[in-house]
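Worksheet: one structure, shown below.
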Amino acid sequence: MTTDSLRSGPGANGRTSGDRARLPVREHLPACGPAAASGVPVLDVVVPVYNEEKDLRPCVLRLHDHLSRTFPYAFRITVADNASTDSTPAVAAALAAELRGVRYVRLEEKGRGRALRTVWSESDAPVLAYMDVDLSTDLNALLPLVAPLISGHSDLAIGSRLARSARVVRGSKREFISRAYNLILRSSLAAGFSDAQCGFKAVRSEVAERLLPMVEDSGWFFDTELLVLAERAGLRIHEVPVDWIDDPDSTVHIVRTATEDLKGVWRVGRALAVGALPLDRLARPFGDDPRDRALTGVERGLARQLVGFCVVGVLSTLFYLALYSLFRLGVGPQLANGGALLVSAVANTAANRRLTFGVRGRDGAVRHQAQGLVVFAIGLALTSGSLAALGAATGSPSHSTELAVLITANLAATVLRFLLLRAWVFPARACPEPEPEPDSDSDSEDVR
């Protein structure tokens, strides 16, 4: 089947990203059912290409043969042509006419990310994947890549060349660049995945439906941005160690790509720092077991929240003490305490909002700060009362004695602060029951 163009927008089921507050629970995809009977594939593998007249045909033939022999579900291979100027369109059209389950999509603009966004947004398959046309990754990793998505265990899956058991053949220059780039991601964006740029990834369609509108990049940084946002939203990313052989004829411009990647790291890091991304739209309900969905009124995540609160509390206390010592140089203890506590309280509320209780975006930020100031007033009363009592008892206490009393008073106020933040300022949000998925008609002819 040949397709000249696809429009970008909502997913194939017609829902936009804002129709529901949360993602539905993950379900194990059935091996057979109405979708399979109607010819809708379970897996859609996209091969983005630009001027690949030489490698395209052997790539698709090999991939199609591998899937036909080993993959137990219906599949489709989509060749996404990024405005090629050689004979790539003719080769792709011939493959689509020759092989069942292969289709050709033509885009008039370049960009790997643009091609993936366009095809994935319109695909009717529940699992979406892509791989580079050079097939540097051993295809035996394809089933392990998509199996966790089919089973409902994970949201995204990536091939990793940097995993401990991966076997990689490539030059020292590319090895150094790859490891340096992933080190930058870990240090600047706190990325937990090991390999952002391996051209071997998959995602569940309902996740792509919500995630793709948030990804701005249309080039090589698309992969990294997709993974960082998914990880920050708490989605589960499965990693598969791969066997990978470098393509010596690769046309990727390393310097230009690295420059664009660093610009993307800065842009995404800044957006995450100011809470400009609505990552709450990617939240999953607690648990995918049906028994978990029936639970009501059960507090969850207490241990993680306690750890986050303690870390924020220690940093806030150090910040507060530093401010108090600074303010104390020019004003009395009460004014110094009040000023230091006010500044640190605003920072504490913002940090707990983001890190401890996982509230993202700007919605409700002003209300949260106002409620945090009420909590601050309670802490101010406790610490100011302690200072007043100390002054009445000793007359002129030393600076070290003041600090000791303030630390004790803050420790006493910490427990109350956590309870107020958890129960009043950032109460646990109920997880709504997933809405039933509407039936979608499809006229796809692509089957295994």
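Every number in this text was worked out from the coordinates using simple rules, so none of it is lab data. Owing to the predicted nature of the structure, the values given are computational and were not obtained by experimental measurement. Neighbour counts are summed over all protein chains in view; Cβ atoms, including those assigned to glycine, are modelled from backbone coordinates with ideal geometry.
Evaluate E = 1/(1 + (r/R0)^6) for K173 and H153, where r is the Cβ-Cβ distance and R0 equals 35 Å; express this FRET efficiency to the nearest 0.05. My answer for the efficiency is 0.45.
Bridging of K54 to lysines at a Cα separation below 20 Å is possible for K110, once same-chain residues fewer than 8 apart are set aside. Couplings 3J(HN,Hα) of the stretch 178-194, computed from phi: 5, 5, 5, 5, 5, 5, 4, 5, 5, 7, 9, 10, 6, 5, x, 7, 9 Hz, in residue order, whole Hz [Karplus 6.51 cos²θ - 1.76 cosθ + 1.60, θ = phi - 60°; x for Gly and Pro].
Sorting the segments 43-54, 181-192, 146-157 by their residues' average number of neighbouring beta-carbon atoms within 10 angstrom, most packed first, yields 43-54, 146-157, 181-192. The distance from the alpha carbon centre of the stretch 148-186 to that of the stretch 327-354 is 44 Å, rounded to a whole number.
Judged by the mean number of other Cβ atoms found within 10 Å, the most tightly packed of the peptides 365-377, 167-179 leads the ranking 365-377, 167-179.
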